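Quick notes on the structure that follows.
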Amino acid sequence: MERVNMNDKGTFIAVLLETSSKAYAAGAVLRIREKDTDSAMQVEQWGFQNLVQDMQLRLQHLAVALACGRPEILTLDIEWLSASYLSRNVPIEFLRTCLHCLGEELKESLPEEGQQLVEEYLSHARSCLEIPSDAPKCLLDEQQPLGSLARRFLQAVLGGDRGKAVGMIMDAIEKGATVEDIHLQVIVAVQRELGRLWQVGEGQIADEHFGSRIVEDVLAQLRSSLPAMTESERCVVLASVSGNLHDIGPRIVADHFERSGWRTIFLGANMPIADLVQSVQRYAPDLVALSVGQSTNLRSAADSIAALRAAIPGLAILVGGGPLEVVDGLWRDLGADAFAANGAEAVAFGQSVVRAG
């Protein structure tokens, strides 16, 4: 299947990286361990296999960046990792060493035509380490009208108090807060803050998972409080692309469409491409909205869009998600018709599609 707007030469190298990622990663870690005493101590502290797995993640981001022809995708990953190192008191020099040793391993392992391209991408990523950075700050904005509620909601989540967390949201609704503001200023903000806490070593994956379950309960409660909607001819199918295990973002977008009178078909997380195409053919929607949660989901998103285009010419396709917010125009590279940063923007695009049709 032809990949939409992907970089052919980069895709070839990306496939090589993916098929041999463990071997390349292990080779790089061996080089790190043999480089000097400080690096050997860091490898010992991390654990050899843990560091190999971490290096495989870097290779995944490098592969995606190469396939997309976008070196900034890898740079974003290194910027995130640099902030994590800083917060966890891991020397940034060790990250430089890791990238250098990875580059040396790939230079000896890859065919000649790929060596220069890979070095260009790694050099672009290493350049961000020359700019001093601060540890990422709290993402909750107390200046927002619901900023205080977001902080208290987060505290309830971290305290494991599901009843309190759900109760304070429903109380805010009774006092006049809109569902849209709850979505944006509380739920989305808290989800991002949970991610930041894990990044800086102040939270655990379990906190994020438990928080997500509470958010799902809140969203269900909010949906149950809505008046019954009349049947609409406008239809949207929403899903997270294959490999994206998160579905709260598209669930919120689906709720926005439903509140706007659309018939919503929400397919959930990690949607296989073939099943996505079959579902879209079955429901014949006016619009398909796909969530791309992380950079490593980009190639899956491109393949999903290519499959939809081949099966249903003229279909309107909208995409959203973290990497598309920060890499300008990346949604075009995937072959989508538009990008939406939130539910309101998604509905606005959907309305324009209906009017144009």
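The values are calculated or read from the model by the stated rules, or taken from the named source; none is laboratory data. The shown structure was predicted, so the numbers you read here are calculated from the model rather than taken from an experiment. Cβ placement follows ideal geometry from the backbone for every residue including glycine, while neighbour counts extend to all protein chains displayed. Each accessible area value is taken on the protein alone, full model and side chains, heavy atoms only, with ligands, DNA and RNA left out. Shrake-Rupley method; radii C 1.70, N 1.55, O 1.52, S 1.80 Å.
The figures follow:
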quantity	calculated
Cα-centred dipole magnitude for the chain, charges only on beta-carbon of K, R (+1) and D, E (-1), debye, nearest 20	660
In nm, spacing of pseudo-spin labels at Asn89 and Ser352 (7 Å Cα→C-beta vector)	5.1
Heavy-atom accessible area per residue - segment 1-135, 1.4 Å, Å²	51
Accessible area per residue in Å² at 1.4 Å probe, computed on segment 207-322	40
Where labels lie 7 Å past Cα in the beta-carbon direction, separation of Asp181 and Asp54 in nm	4.3
Point-to-point label distance, Asp328-Leu245, nm (Cα→Cβ direction, 7 Å offset)	3.5
Percent accessible area from carbon and sulfur atoms, segment 1-112, protein chains only, probe 1.4 Å	48
Over segment 252-357, equivalent-ellipsoid semi-axes from the Cα gyration tensor in Å	19, 17, 13
FRET efficiency, Glu233 to Asp8 (Cβ-Cβ, R0 41 Å, nearest 0.05)	0.50
Packing-based ranking, highest mean first, of 336-346, 206-216 given that Cβ atoms within 10 Å are counted	336-346, 206-216
Normalised contact order of the chain, rounded percent, pairs of Cα under 8 Å and 6 or more residues apart	15
Stretch gain in nm, segment Gln115-Asp141, where the contour uses 0.36 nm per residue and the Cα spacing is subtracted	4.9 nm
Length added when fully stretched, Asp134-Arg162, from 0.36 nm per residue minus Cα-Cα	6.8 nm
Rounded percent of accessible protein surface that carbon and sulfur make up, segment 217-296, 1.4 Å probe	44
Virtual paramagnetic centre 7 Å along Cα→Cβ of Ala310, amide N under 17 Å, in segment 232-261	242
Segments 114-122, 275-283 sorted - mean Cβ within 10 Å per residue, highest first	114-122, 275-283
Phi-based couplings in Hz for segment 243-254 (Karplus 6.51, -1.76, 1.60; Gly and Pro marked x)	x, 8, 8, 9, 9, 5, x, x, 5, 5, 4, 4
Rounded to 10°, Cα long-axis angle of helix 147-158 versus longest principal axis of the chain	70
Under 20 Å from Lys164, Cα to Cα: lysines that are on another chain or at least 8 residues apart	Lys175
Partners for Lys22 among lysines (Cα-Cα distance below 24 Å; same-chain residues under 8 apart left out)	Lys9, Lys35, Lys107
Per-residue [θ]222 nm for the chain (sum of -39500 (n - 2.57) over DSSP H runs n ≥ 4, rounded to 500)	-20000 deg cm²/dmol
